[in-house]
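The values are calculated or read from the model by the stated rules, or taken from the named source; none is laboratory data. Given the structure is predicted, the values throughout are model-derived calculations rather than measurements. Here the Cβ positions follow ideal geometry from the backbone for every residue, glycine too, while neighbour counts run over all protein chains shown.
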2 protein chains.
Amino acid sequence: MDKFFEATTTRMAGDERRQQLCKIAMRLFSERGFRGTTTKEIANAAGVSEAVIFKHFSNKDELYASILDNKACSHPINDPFSEIADKIEQKDDYGVFYNMALNGLNHHKEDEDFLRLMLHSALEGHELARVFFENFITYIYDYLGEYIRRRQEDGAFREVEPRVVVRAFIGMFVHHSLNNILWDKEQKLLKISNEDAAHEFATILLEGIKK
Amino acid sequence: MDKFFEATTTRMAGDERRQQLCKIAMRLFSERGFRGTTTKEIANAAGVSEAVIFKHFSNKDELYASILDNKACSHPINDPFSEIADKIEQKDDYGVFYNMALNGLNHHKEDEDFLRLMLHSALEGHELARVFFENFITYIYDYLGEYIRRRQEDGAFREVEPRVVVRAFIGMFVHHSLNNILWDKEQKLLKISNEDAAHEFATILLEGIKK
DNA sequence: ACAAGGTTAGTAAGCACTCACTTATTTACT
DNA sequence: AGTAAATAAGTGAGTGCTTACTAACCTTGT
């Protein structure tokens, strides 16, 4: 399939090639890590010579860093709450937690490479993971934590530190995704649809914190 | 601190050196991954020349593999249920789940390197993670899943697929550990003792599945 | 004395990266 | 429209450095 490009179009527009290299690099980095992936492998997968990489990126680090930029354009890292704004407004607790889990699970499934890359990045202590964490995770804790606090005020939930609840809930579905991606790809331990998983996780959590 | 060995004891017994190299290799592999760690770095950290490594291990892969063997001897990967056998017998649900979470969290904290190594290994698709998964994780799902099923029969828990409950619960505390180790080392998002975390997680889960 | 523990000085292969060069596509001019 | 100059895309053959790993030799405790 990579040969397709090679055979039919020997030449590609600059931006197109740049994006292709980013995408391929993300996949390979996510599989073998930054240091475990060679520039030659990336070039081969793209069906070009190694030198092309260095025409587009001044070095391997820059290629790594530009994955996030490329990512931010092609699949914007969405605000996960914009999709459930109405549920939040209506204080539909089940709707909020169910959809949050389902969106997360679906997103992880579609974007397995990105999730793996973030893990590699976090383990290697690369900036990529730090940026993602500060822009995204912090926001989720603030926002969902605040929702839980308000519902406690309403008397709907019992008194627990909201952030512990957020941690517990995110833990359920993130860990479920990690299991499916890392350790149990064939889902021998537990085979369940994202919808069913989201339902069970949301139910356990809500029963667990209701007054 | 590594210089200590170098300065005071120029020579070490074979087994001692072997174990030292395993320990250092585990730490470095856990920080930078297998391919990201050089044999020279390991040798330097141990205060010996690189050649010593190859006196003890025929190659880098064998050093990697022998970490698990070494691990199994020094800190046996305990049966996590032997410590809570009495709680299980007495059907002390809170005791079972609280202690399970607490043991897990404490273990992760003590053995951060090992956890990181398992993640690296899983991401790189190395056998190390597969062996660990099949020996340990499968057992936990079987055992804890069976406990939940029995308590459902007793009428103590509502009817949910037991393995989903195991997934949700393990998710809470494993994800909490991963947060503390990978993304939020300074615990800016959530600072909580292992005891308090175990208590909250166990409570949320039990309230979430009780009849 | 001598074996176990350690070293020094390599080797071949692999790495990120460069350079001089060729080939394809636009652009500009008649 | 036809063509030549300018520019953009891609290549092959390197560079110097690092890597895992080896072989021949030294050193120390008993």
### Task
Tell me which of these B:Arg149 doesn't satisfy, since it passes every other one: (1) at pLDDT 95 or above; (2) outside any helix (DSSP H, G or I).
(2)
### Message
Please go through the range A:29-40 and give me each residue that is within 11 Å of DNA strand C (Cβ to nearest atom), modelled with pLDDT under 95 and either aromatic (Phe, Trp, Tyr) or part of a helix (DSSP H, G or I) (or both), ordered by number.
### Response
A:Phe29, A:Arg32, A:Phe34
#### Entry: Among (1) surrounded by fewer than 14 Cβ atoms within 10 Å (Cβ to Cβ); (2) in contact (Cβ under 8 Å) with a residue 40 or more places away in the chain; (3) assigned to a helix (DSSP H, G or I), the one test that A:Lys91 misses
(3)
### Task
Determine if the range B:44-53 includes at least one residue that is modelled with pLDDT under 90, among the small types (Gly, Ala, Ser) and either touching a strand residue (DSSP E or B) at 6+ places or on another chain (Cβ under 6 Å) or in a helix (DSSP H, G or I) (or both).
no
### Message
Give me the residue from the range B:183-210 that is surrounded by fewer than 23 Cβ atoms within 10 Å (Cβ to Cβ), farther than 19 Å from A:Glu159 by Cβ and within 7 Å of another protein chain (Cβ to nearest Cβ) and, out of that set, modelled with the highest pLDDT.
### Response
B:Leu189
### Query
in contact with a strand residue (DSSP E or B) (Cβ under 9 Å, 6 or more places away or on another chain) and more than 30 Å from A:Glu62 (Cα to Cα) - does that describe any residue in the range A:124-144?
no
### Task
Consider A:Asn78 carefully, then state whether it is within 21 Å of the chain's Cα centre (by Cα), of a type outside the set (Val, Ile, Thr), more than 30 Å from B:Gly36 (Cα to Cα) and modelled with pLDDT of 95 or more.
no
### Summary
Exactly one of B:Ala65, B:Ala13 is touching a residue at least 12 places away in the same chain (Cβ under 8 Å), more than 14 Å from every other protein chain (Cβ to nearest Cβ) and more than 8 Å from DNA strand D (Cβ to nearest atom), and that residue is B:Ala65
### Message
Anything in the range A:138-166 that is free of Cβ contacts under 8 Å to residues at least 12 places away in the same chain and within 8 Å of chain B (Cβ to nearest Cβ)? List them, or say none.
### Response
A:Thr138, A:Glu161, A:Val164
### Query
Only one of these conditions is not met by B:Pro80: (1) surrounded by 13 or more Cβ atoms within 10 Å (Cβ to Cβ); (2) touching a residue at least 40 places away in the same chain (Cβ under 8 Å); (3) assigned to a helix (DSSP H, G or I). Which number is it?
(3)
